[in-house]
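The values are calculated or read from the model by the stated rules, or taken from the named source; none is laboratory data. Nothing here was measured: the structure is a model prediction, and the numbers come from that model. Methodologically, a virtual Cβ is constructed for each residue, glycine included, from the backbone with ideal geometry; neighbour enumeration extends over all protein chains shown. When the accessible area is computed, the model is the full protein with side chains, heavy atoms only, and any ligands, DNA or RNA have been set aside. Shrake-Rupley method; radii C 1.70, N 1.55, O 1.52, S 1.80 Å.
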Amino acid sequence: MIKAKRADKEELIFTLNELAREKEEKKKLLLELNSAKEELAFQNNEKGKRAAELKIADTELNFQNKEKEKREIANKDLEAFNYSAKLAAQYARSLIEASLDPLFTISPDGKITDMNNASINIIGRPRNELIGTDFFNYFTEPGKAKDGYKQVFSKGFVADYPLTIKDHKLTDVLFNGSVYKDGQGIVLGIVVVARDITKQKKIETELMEAKIFAELATSIAEDAKSKAENATRIAEDAVKAKQQFLSNMSHEIRTPMNAIIGFTKVVLKTELTAKQKEYLTAIKISGDALIVLINDILDLAKVDSGKMTFEQTPFKLALSISAMLHLFETKIQEKNLKLIKEYDENIPQVLIGDPVRLHQIILNLVSNAVKFTTYGSITVNVRLQHEDQNQAIVEFSVSDTGIGIAANKIDKIFENFQQASSGTSRLYGGTGLGLAIVKQLVEPQGGTIKVVSKLDEGSTFSFTLGFQKTKFDAEPISMDIELDPETKKIKILVVEDIALNQLLMKTLLDEFGFERDIAANGKIAIEKLQTKNYDIILMDLQMPEMNGFEATAYIRKELNSNIPIIALTADVTTVDLAKCKAVGMNDYIAKPVDEKLLYSKIVGLVKKTMPSNSIVSADIHQSKKSKYIDLNYLNRRTKSNPKLMMEMISLYLEQTPSLIGIMKQSLKDKDWKSLHSAAHKMIPSFSIIGMSVDFEEIAKKVQEFASTQQQTEGIPDLMTQLENACIQACAELEVELTAMKNKAV
Ligand code: ADP
């Protein structure tokens, strides 16, 4: 038991020891655990520290990275900036160099800091020598340059400041400058462009010179103009004086010539011995020649003063040509020449134009042909060149087999006072005016004149003239007008102040068998008109107290009379036809009076206006009863409608002359069918205008003879009666129509 107790004690001791060791062990372990814990805490702490450090390092790294990125961008920008700055500098330089004008940059103290090549070229020194030098010293006026420079600073710029560079050419420049500043606005210097204006200056000087010259030239021209105007005035005065002189002379010469020729003609018609007749004929021929010369000179004066006028009257060309050639028959026979007339039958019978002027043209050409031809023939050819609805162009030519004209003279012969050779005047006479007048008569009428000639072979003068066509008949120009008993009793008032002319008129009118009274001026004429009836007045223009224009105006306006008035004038240059017409004259006739013309004009006018002679009012119902027509029927048929009446009358006036024309032509051509149809068309018109049934019967007879073609030899006679009646009827209707129109207005 002790043993066991010992064993137990021992065991217990052991166990206690064990326990104590375990405890110690545990303690040790705890200590170790604590230390491990502490270590772990430390470690954790360290770890936390390291994590925080790591975070800081990370942030730093990020920051560093960002900074790096920024730096890289900044570097790139800088590179780009450097590149564009380089470009900009190059660009600026190239711009500066592109300028042909000198360009400088100058420091505030006036030293040159840079310049372009143009500056180097102008100044003629290298760049390095120029940099740093005084800018102002390069100008002829350094003070002025400095002033300009100062202005740039005070105003910030200066524009077009004129200076001259002191180079070998002394280049003129316009100085333009402005300041340039740095980023802070501090002025670094100025940029100057000096524009080279040498060329402009030169142009300016030239312009100035040109202007001075132009002004000088203008003043010279003005001087010349005023001299020319003076000369023109003097020339015009001279022309006026010439006109006046010619006008006076024409009056002075033509009045006695008028009497000489007129009375010679009168005496020639009396019983004379052969010798007396011979002498008087010589006087008449000389007188005629003198009148031709005076007329030539007056014609030229008229041409000069632009007073040549052309009539537009219906006339028969064939008759006109024949009548004129008739005048040369004796002369041509005397010279043993042959006259050949070639007339184109296609030319319309009646044309409108100026037969008197045409006469004058052909007369001149034929008389030259006769004058310059000794052997052979003279051919007058009249040919229709062109015809349309309204007009006919006729070519006239006069050919001869005479002396001809040298080629070098041919252009001259149409000039005043020009003859083809110096001997012409001595050998053949003449003044060299004829062709000049012919040209002046042809060209203003729209015609042309030509000449073809060969020395010793002959000449051909030809010209063309255009004429209007007409349906109306021409006024008769010969004395062969049939006078009915009523016409024989024509009462004429002659208003003329010169006793010689009065006497001549009396003689002529007595010969015609007319009644006549004389008034010495317009005033007396008016008194006479108020106490006695006249059929027509022959009115001189230049008279004392009251002249022809004044008297006519009074007769038309105050006396309200339509009496026909023919102006008589010796002075063709100043006769103003427009004025004659304006005051109401019906026609004019030049002195010395052509008796045939006078006769035909008196009869023509009196016949034309017979129904309305001396009528104060134009009222048709108050008018003297017409002889061929009676409008009562038409009046009834139209129920006195004036418009309808006028239309009917116009229609008659339009168709009758053409029907007569067709009938005459058909008769000539023996075209019975056409004659029958024209007569048939005419028949109803007689009753419409109230013509006697006798004329209707005549027309019916013409119609019948044409259709049966029997008794055709009687037709011409019937046609003449018809034609005369129709002409009369037309003349009366014209008067009625005019009166109606006047009333309608
Ligand atoms: P004039 O016959 O009065 O001398 P013109 O003016 O009629 O004046 O003619 C001028 C000139 O033209 C004439 O002098 C003449 O030399 C020349 N001449 C005109 N017509 C003919 C002609 N038919 N033949 C030859 N020469 C002519």
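Which cross-chain or sequence-distant (5 or more) residues have an amide H under 5 Å from the amide H of residue 516, H modelled 1.01 Å from N in plane?
Amide H to amide H, under 5 Å and 5 or more residues apart or across chains, residue 516 pairs with 492.
Give me the accessible area per residue for region 66-208, probe 1.4 Å, as a whole number in Å².
Details: 9120 Å² over 143 residues.
Accessible area per residue: 64 Å².
Dimensions of region 15-136 along principal axes (Cα, Å, largest first)?
Over region 15-136, Cα extents along the principal axes are 127, 25, 19 Å.
Work out, step by step, the length gained on full extension between residue 559 and residue 59: first 0.36 nm times the residue separation, then minus their alpha carbon distance; give nm to one decimal. Intermediate values should be presented prior to the final figure.
Details: separation 500, 0.36 × 500 = 180.00 nm, distance 13.61 nm.
Taking residue 559 through residue 59 to full extension adds about 166.4 nm, to one decimal.
Amide H to amide H, which residues 5 or more places from residue 171 or on other chains are under 5 Å from it, using H placed in the peptide plane?
When sequence neighbours closer than 5 places are left aside, the close amide H contacts are 165.
Take 206, 496, 734 and sort them by solvent-accessible surface of the protein heavy atoms, 1.4 Å probe, largest at the top.
Descending order: 206, 734, 496.
Do you know the relative contact order of the chain, to the nearest whole percent, from alpha carbon pairs under 8 angstrom that are 6+ apart?
7
What are the ³J(HN,Hα) couplings of region 176-190, residue after residue, when phi is run through the Karplus curve with 6.51, -1.76, 1.60 and θ = phi - 60°? Round to Hz, x for glycine and proline.
Along region 176-190, the couplings run 10, x, 8, 6, 10, 10, 8, x, 8, x, 7, 5, 9, x, 10 Hz.
Taking the alpha-carbon set of region 20-59, what are its Rg and Dmax in Å?
Expressed in Å, the Cα Rg and Dmax of region 20-59 come to 16.5, 56.
Kindly give Rg over Rh for the chain, based on alpha-carbon atoms, with the Kirkwood expression for the hydrodynamic radius.
The Rg/Rh ratio comes out at 1.62.
What's the whole-number percent of alpha carbon pairs in region 523-566 lying beyond 15 angstrom? Present the calculation step by step, with values, prior to reporting the outcome.
Working: 311 of 946 pairs.
In whole percent, the long-distance tail amounts to 33.
Taking a quarter of the surface of the Cα convex hull of region 120-201, what do you get in nm²? Each step should come with its number before you reach the end.
Details: hull surface 23.6 nm².
Spelled out: convex hull of the Cα atoms, projected over all directions, averaged, 5.9 nm².
Can you tell me what the convex hull of the Cα atoms of region 264-373 projects to on average, as an area in nm²? Walk me through the numbers before you get to the answer.
Values: hull surface 37.7 nm².
Across all orientations, region 264-373 yields a mean hull projection of 9.4 nm².
State, in angstrom, two size descriptors of region 649-745 derived from its alpha carbons: Rg to one decimal place and Dmax to the nearest whole number.
14.2, 51
Please compute P(r) over all alpha-carbon pairs of region 197-294, binned at 5 Å starting from zero, and give each bin as a whole-number percent.
Reading upward from the zero bin: 3, 10, 11, 9, 7, 7, 6, 5, 5, 5, 5, 4, 4, 4, 4, 3, 3, 2, 1, 1, 0, 0.
Highest mean first, what order results for 666-679, 392-405, 46-59 on Cβ atoms within 10 Å?
392-405, 666-679, 46-59
As a test of understanding, state the convex hull volume per residue of region 106-257 from its alpha carbons, in Å³.
Here the figure is 183 Å³ per residue.
Beyond 13 Å, what share of the Cα-Cα pairs of region 483-547 is found? Please give it as a whole percent.
Details: 1252 of 2080 pairs.
Within region 483-547, distances greater than 13 Å cover 60 percent of Cα pairs.
What's the carbon and sulfur percent of region 489-536's accessible surface, probe 1.4 angstrom, rounded to a whole number?
49
At R0 = 56 Å, how high is the FRET efficiency between residue 589 and residue 708 if r is their beta carbon distance? Nearest 0.05 is fine.
For residue 589 and residue 708, the calculated efficiency is 0.70.
Take the Cα pairs of region 690-741, get the Kirkwood Rh, then feed it into Stokes-Einstein at 10 °C and 1.306 mPa s and tell me D in µm²/s.
130
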